[in-house]
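Step one of this worksheet: look at the structure below.
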Amino acid sequence: TEVARKYQAQIVYEGKRGYGFAYQAGLPKAKGDVIGTMDADCTYPMDEIGQMLNFMLPNNYDFVSGCRFPLRNVSVMPITSRIGNKLTTWLMQKIFQMNCQDFMTGMWMFKRDILSEIMSNDPGMAFTLDIKIKAWNHPRVKYGEYHINYHERVGSSKFRRIEDSIKTMILIWRIKRKHKERRKI
């Protein structure tokens with residue numbers, strides 16, 4: 001909170017636990033024309049936000065996802081995480097015909113004016129999958145990827161490799177079913 005106060009940032013508190021709940025509380029309160037996200041584990045390059053924005057705006061992208069692969073330093077991500085990311089990205093490419101290289105990245109930015117059209121109501125980890133699928137499939141949203149540097153994690157991960165990987169696969173199928181039902185309407 002000291003850093004937030006120093007930069008006059010608004011702190012948004014969410015009483016419910018969950019990745020999606022945190023985004024659902026915070027994103028609508030963001031004030032800029034472009035909204036950026038990143039995980040708080042210091043793995044994402046805060047110093048590259050400006051470069052990512054300079055890639056996004058002249059290319060007229062509405063949504064840009066930070067692509068970590070190929071990793072510049074493979075030692076910063078355990079092999080099991082690399083395999084899991086590659087498998088998830090491959091599934092997303094096949095199931096949703098998304099031509100992206102890093103679907104599981106926690107660093108992305110988008111124009112505020114598309115938020116209401118891509119917002120997810122998923123309270124958990126599927127939030128990031130759902131919002132990216134909505135952005136990719138939206139007819140007026142131009143989606144791009146920007147290669148970022150990825151750093152070693154600070155602190156311990158809450159990710160449980162086997163259990164959470166199985167949950168991710170289940171989430172992908174649930175999202176696929178939900179998006180298929182939306183198209184029928």
Gaussian network model of the chain, Cα within-10 Å springs - most flexible of ASN59, ASN99, ASN85:
ASN59
How much of the accessible area of the chain, probe 1.4 Å, is carbon plus sulfur, in whole percent?
56 percent
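Give me the 1.4 Å probe accessible area per residue for the chain, excluding ligands and nucleic acids, in Å². The partial results should precede the final answer.
Numbers: 11030 Å² over 185 residues.
About 60 Å² of surface per residue is accessible.
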Could you size up the charge dipole of region 1-110 around its Cα centre, putting +1 on the beta carbon of Lys and Arg and -1 on that of Asp and Glu, and report it in debye to the nearest 20?
260 debye
Unsatisfied cross-links (Cα-Cα over 24 Å) in the set LYS16/LYS86; LYS16/LYS176; LYS111/LYS167; LYS29/LYS94; LYS94/LYS132; LYS6/LYS31
LYS16/LYS86; LYS16/LYS176; LYS111/LYS167; LYS29/LYS94
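What FRET efficiency would be calculated for the residue pair ASN54, LEU115, taking the C-beta separation as r and a Förster radius of 22 Å, to the nearest 0.05?
Working: r = 21 Å, r/R0 = 0.98.
Between ASN54 and LEU115 the formula returns 0.55.
Within the chain, which is the longest segment containing none of the trypsin sites (Lys or Arg not before Pro) that sit in a DSSP loop and have at most 13 other Cβ atoms within 10 Å? Mind showing how you got there, number by number?
Working: sites that count: LYS16, ARG17, LYS31, ARG72, ARG140, LYS158, ARG160.
The longest uninterrupted stretch comes out as 73-139.
For the chain, what does the relative contact order come out to in percent, with C-alpha contacts under 8 Å and a separation of six or more?
Details: 221 pairs, mean separation 60.7, N = 185.
Result for the chain is 33 percent.
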Give me the one-decimal nm value for the distance between modelled label points at ALA25 and ILE79, 7 Å along each residue's Cα-to-Cβ direction.
4.0 nm
Computed for the chain: size of charge dipole around the Cα centre, +1 on C-beta of each Lys and Arg, -1 on C-beta of each Asp and Glu, debye to nearest 20, value 760 debye
What does the charge add up to near SER65, with Lys and Arg as +1, Asp and Glu as -1, over the other residues with Cβ less than 9 Å from its Cβ?
-1
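For the chain, what mean projected area does the convex hull of the alpha carbons give, in nm²? Kindly include the intermediate steps, with their values, before the conclusion.
Values: hull surface 44.2 nm².
One quarter of the hull surface, i.e. the mean projection, equals 11.1 nm².
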Across ILE118, ILE95, ILE172, the residue with the highest GNM fluctuation in the chain (Cα network, 10 Å cutoff) is ILE95
Any chance you could check the Cα centroid distance between region 56-119 and region 31-48 for me, in angstrom?
14 Å
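The values are calculated or read from the model by the stated rules, or taken from the named source; none is laboratory data. The structure displayed is predicted, hence computed values, not measured ones. Don't worry about glycine lacking a Cβ; one is built from the backbone with ideal geometry, like all the others, and counts go over all protein chains shown. Each accessible area value is taken on the protein alone, full model and side chains, heavy atoms only, with ligands, DNA and RNA left out. Shrake-Rupley method; radii C 1.70, N 1.55, O 1.52, S 1.80 Å.
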